[in-house]
Amino acid sequence: MKLETAAELVRLARESIAKGFEGERPVLPAHRELGEKRGVFVTLLTWPSRELRGCIGFPLPVLPLAEAVVEAARHAAFNDPRFMPLSKEELDKIVIEVSVLTVPHETKDVMQELVIGKHGIICEWNGFSGLLLPQVAVEHNMSKEEFVSAVCEKAGLPRDAWKKHDVKFSLFEAEIFAEKEPGGEVMKVALGK
């Protein structure tokens, strides 16, 4: 994805949150690429410490990209159950990160196929599910085993569930774009694969 297009998505995420405080919605851009259905996550990080403040998204391509960003941004700001809703005063104290996903594909051997810094991971078993974006493993310097164990835990399963149960794993890749500072220039995030 071109950086200009990605920057438009990040600005749209910020506008969605800002308008959310007023009970309004942003006007969706007419750009053709932003009308394609794609999986996407919007992550809110405190500035400058970059601590997680909210993260919600759509792992599957169920909505046009611009619409998915608007919805994910709003949910990350106001409906992430791990955090209190974002206050209007906090908006200028967060940076926004948008991860545009490839379609997840199931893997039969997660330890063989998983590449840290390249893949995000979805874990599913018996109605439980969890997802971790590719940047999580890099930011926390996780090994493959730690990353797989963490996604099992996020799914509400024991950390070693991948060894004991018929757990389904899917992998995906992401292009990640983030503000350098709140409301500032947008850059592509390299995970150092």
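The values are calculated or read from the model by the stated rules, or taken from the named source; none is laboratory data. Everything numeric here is computed off the predicted structure, so don't read it as measured data. FYI the Cβ positions are ideal-geometry reconstructions off the backbone, even for glycines, and counts take in every protein chain you see.
Out of 19, 88, one residue alone is in contact (Cβ under 8 Å) with a residue 60 or more places away in the chain, among the basic types (Lys, Arg) and over 24 Å from residue 132 (Cα atoms). It is 88.
Residue under question is residue 184, and the condition is that it be surrounded by fewer than 16 Cβ atoms within 10 Å (Cβ to Cβ) and in the same structural domain as residue 63 (by TED's automatic domain parsing); does it hold? Before you say what the answer is, go through the steps one by one.
Details: surrounded by fewer than 16 Cβ atoms within 10 Å (Cβ to Cβ): yes; in the same structural domain as residue 63 (by TED's automatic domain parsing): yes.
Spelling it out, residue 184 is indeed surrounded by fewer than 16 Cβ atoms within 10 Å (Cβ to Cβ) and in the same structural domain as residue 63 (by TED's automatic domain parsing).
Residue 145 falls short of the stated requirement of being assigned by TED's automatic domain parsing to the domain that holds residue 81 and either exposed (fewer than 15 other Cβ atoms within 10 Å of the Cβ) or farther than 17 Å from residue 59 by Cα (or both).
With respect to the stated conditions, residue 21 fails to be in contact with a Leu (Cβ under 9 Å, 6 or more places away or on another chain) and either of a type in the set (D, E, K, R) or surrounded by 19 or more Cβ atoms within 10 Å (Cβ to Cβ) (or both).
Of everything listed in (1) farther than 14 Å from residue 71 by Cβ; (2) out of contact with any strand residue (DSSP E or B) (no Cβ under 9 Å at 6 or more places or on another chain), the single unmet condition for residue 11 is (2). Give the residues of the range 9-36 that are at pLDDT below 95 and in a helix (DSSP H, G or I), sorted by residue number. Passing the criteria: 32, 33, 34, 35.
Taking the range 147-184 as the search range and keeping residues that are charged (D, E, K, R) and in contact (Cβ under 8 Å) with a residue 60 or more places away in the chain, which one is nearest to residue 112 (Cα to Cα)?
So in the range 147-184, the residues charged (D, E, K, R) come out as 153-154, 159-160, 163-164, 166, 168, 173, 175, 179-181.
From the residues that got through so far, the ones that are in contact (Cβ under 8 Å) with a residue 60 or more places away in the chain too are 168, 173, 175, 179-181.
Working: 168: 14, 173: 16, 175: 22, 179: 34, 180: 35, 181: 37 Å.
Within the range 147-184, the match that is nearest to residue 112 (Cα to Cα) is 168.
None of 89, 139 is modelled with pLDDT under 95 and closer than 30 Å to residue 18 by Cβ except 139. Is it the case that some residue within the range 34-48 is more than 20 Å from residue 136 (Cβ to Cβ), in contact with a strand residue (DSSP E or B) (Cβ under 8 Å, 6 or more places away or on another chain) and buried (at least 19 other Cβ atoms within 10 Å of the Cβ)? Yes, there is a match, as at least one residue in the range 34-48 is more than 20 Å from residue 136 (Cβ to Cβ), in contact with a strand residue (DSSP E or B) (Cβ under 8 Å, 6 or more places away or on another chain) and buried (at least 19 other Cβ atoms within 10 Å of the Cβ).
Among the residues of the range 6-41, the ones that are of a type in the set (Phe, Trp, Tyr) and more than 19 Å from the chain's Cα centre (by Cα) come to 1 in all. The residues on offer are 160, 166, and the sole one that is farther than 30 Å from residue 18 by Cβ, touching a Phe, Trp or Tyr at 6+ places or on another chain (Cβ under 9 Å), of a type outside the set (S, T, N, Q) and outside the structural domain of residue 33 (by TED's automatic domain parsing) is 166.
Within the range 77-133, restricting attention to residues that are small (Gly, Ala, Ser) and on the phi > 0 side of the Ramachandran plot, the residue that is surrounded by the fewest Cβ atoms within 10 Å (Cβ to Cβ) is 127. For the range 108-140, filtering for residues that are more than 12 Å from the chain's Cα centre (by Cα), in a helix (DSSP H, G or I), closer than 20 Å to residue 51 by Cβ and of a type outside the set (Val, Ile, Thr) leaves 2.
Looking at the range 39-63, which of its residues are in a loop (DSSP other than H, G, I, E, B) and aromatic (Phe, Trp, Tyr)?
Quick first cut of the range 39-63, residues in a loop (DSSP other than H, G, I, E, B) only: 47-51, 59-63.
Within the range 39-63, just 47 meets the criteria.
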